[in-house]
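All remarks here apply to the structure that follows.
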Amino acid sequence: PYDVPPKSRELDKTIAESKALGLPMTKEELIGPAPAADKNAAPTVIGAITALEKKVSTKAVKGVDVNAGNILEQGAEGQARRDKVAGLSPELDVVVAGLKGRPKWYIDRDYDMFTELQFPELAQVKNAGKLFVARSVLRARHGDVKGSLTDFVACRQLARHIAQEPTMISMLVAIAIDYMAIASVPYIADEWKDSPPRLAELEESITDTSEPFDVVPALRGEFYFALSTTRNLSALGGIKALTSSGMDRENVPPLDPSTVVRTGLPNGMFERASLDVIARNWNTVFESLKNKKQPYRDWSGPLTKWSKIAESRFRTSEILALVLAPTYSGIDTTLTGSDAYQSVALAFIRCMEYRAKNHKWPSSLKEVNADLSDPLANGKPIQAVFAPGSLTVWSVGRNHVDDGGEIRGPNHKTADDIALRWPPRKK
């Protein structure tokens, strides 16, 4: 049905509700004022990471893959990995210094160019995370407790810093980096398996960096992306260009920043009607986030409902809304998985501490106050299996199916548990 005229007329009222909910209408409202230079970690960290990438590109170890699971391997390959980490240590130390005492992450990007924004540093930041966890394991092997924990904490801090940017891609990379840090816990713990004090310090480092990810900045960015797109739909090539595989954009010139509309609401009837539908849906999402301690568990429902309704009705005003509707029904599960991984790590390390003190495993997770809730199993406790020479602690994972602690791999292609094991699997 051609419902564009009435929807177009309703936009002003809908946007007034959006403003009342604090949704951004300008780039300045999206990113806020710049923090003091001594509070902003981004310039120093990005500078160090850029220098790190340049050094890698000029060294013989350019293609050497380094991670927590292979840094201690024997032979020439293992030595090449250790040489790579040693050669990049000065830049990693600058990143550590750049994060210290600087809680903010602020980059003044042109978010009105959202469709053409590139984030090249995110891949570099992820590589730095891998180097940090590898060096953390290496330092643990050499008895450098302070250095090992400093690198572990830096990796998790790096994840939470870039998650402050108002984009979903930043959030996803942040989660990936944090997963790498947690995955390194068994390797560090293995080096200190007989030292209760060191294991206790590792547990403290986990809890000290356990602040949940805040998805609200990313959701605000997604709203602003839709607003900016409707303002500049014609310049972007229209609805056809946005819904094609990209071929229609070949004849559309790149956006000229000087001509981009950056304030106000769109004038075209179709654009106004489309934005009305989009803004109504986002209003519902942000209304659901009021006074929520863990907001990412409360917005998936409205977004999923939005997509299903748009897909079933095919109203003219919902065409653009469907194109721009976030396909993020699984992101809340990914974020909840981050919480689950945190619980698994804490339970794992408490069991390792008990073993180091008592030379045996606890009788249950409850005995060591590790019967933590599994947010992916409707609040049921995470699980563990104790064997004479091994430990497995796991959450049911994002498919909510208990695979007995098996993670996805060549022999278990459908398994999806979130698990930590001791002894850790090499590689």
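Throughout, read-outs are computed from the coordinates displayed, never taken from laboratory work. Quick caveat, the model's predicted, so the values are computed rather than measured. With ideal geometry, Cβ positions are generated from the backbone for all residues, glycine too; neighbour counts draw on all protein chains shown.
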Checklist entry - Given the rule -39500 (n - 2.57) for each run of at least 4 DSSP H residues, summed and divided by the residues of the chain, what is its mean residue ellipticity at 222 nm, to the nearest 500 deg cm²/dmol? => result -17500 deg cm²/dmol
Checklist entry - Can you list residues whose amide H is under 5 Å from LEU391's amide H, if they're 5+ apart or on another chain and H is modeled 1.01 Å from N? => result TRP422
Checklist entry - Helix 120-141: angle to the longest alpha-carbon principal axis of the chain, degrees 0 to 90, nearest 10? => result 10
Checklist entry - Roughly how tilted is helix 168-183, in degrees to the nearest 10 and between 0 and 90, from the longest Cα axis of the chain? => result 10
Checklist outcome for this item: Treating only Lys and Arg (+1) and Asp and Glu (-1) as charged, each at its beta carbon, one finds that the range 1-112 has a dipole about its Cα centre, in Debye to the nearest 20, of 300
Checklist entry - Per residue, what volume in Å³ does the Cα convex hull of the range 1-41 take up? => result 104
Item to check | Links that overshoot a 18 Å alpha carbon limit, given the list LYS62/LYS130; LYS193/LYS360; LYS84/LYS146; LYS54/LYS84; LYS27/LYS308 | outcome: LYS84/LYS146; LYS27/LYS308
Checklist entry - Which ³J(HN,Hα) values, rounded to whole Hz and listed in residue order, are derived for the range 348-359 from phi using the Karplus coefficients 6.51, -1.76 and 1.60 in 6.51 cos²θ - 1.76 cosθ + 1.60 with θ = phi - 60°, glycine and proline given as x? => result 4, 5, 5, 5, 5, 5, 4, 4, 5, 7, 10, 6
Checklist outcome for this item: In whole Å, largest first, the alpha carbons of the chain cover along the principal axes 74, 49, 41
Checklist entry - Looking at the chain, which longest stretch skips every one of the chymotrypsin sites (Phe, Trp or Tyr not before Pro) that is in a DSSP loop with at most 15 other Cβ atoms within 10 Å, leaving the sites themselves out? => result 3-313
Next on the checklist: Show me, for the range 277-285, the HN-Hα J-couplings you get by feeding each phi into the Karplus relation (A = 6.51, B = -1.76, C = 1.60, θ = phi - 60°), rounded to Hz, glycine and proline as x.
Outcome noted: 5, 4, 5, 4, 5, 5, 4, 4, 4
Next on the checklist: Residue by residue through the range 24-38, what is 3J(HN,Hα) from phi via Karplus (6.51 cos²θ - 1.76 cosθ + 1.60, θ = phi - 60°)? Round to whole Hz and write x for glycine and proline.
Outcome noted: x, 10, 9, 4, 4, 6, 5, 9, x, x, 5, x, 4, 4, 7
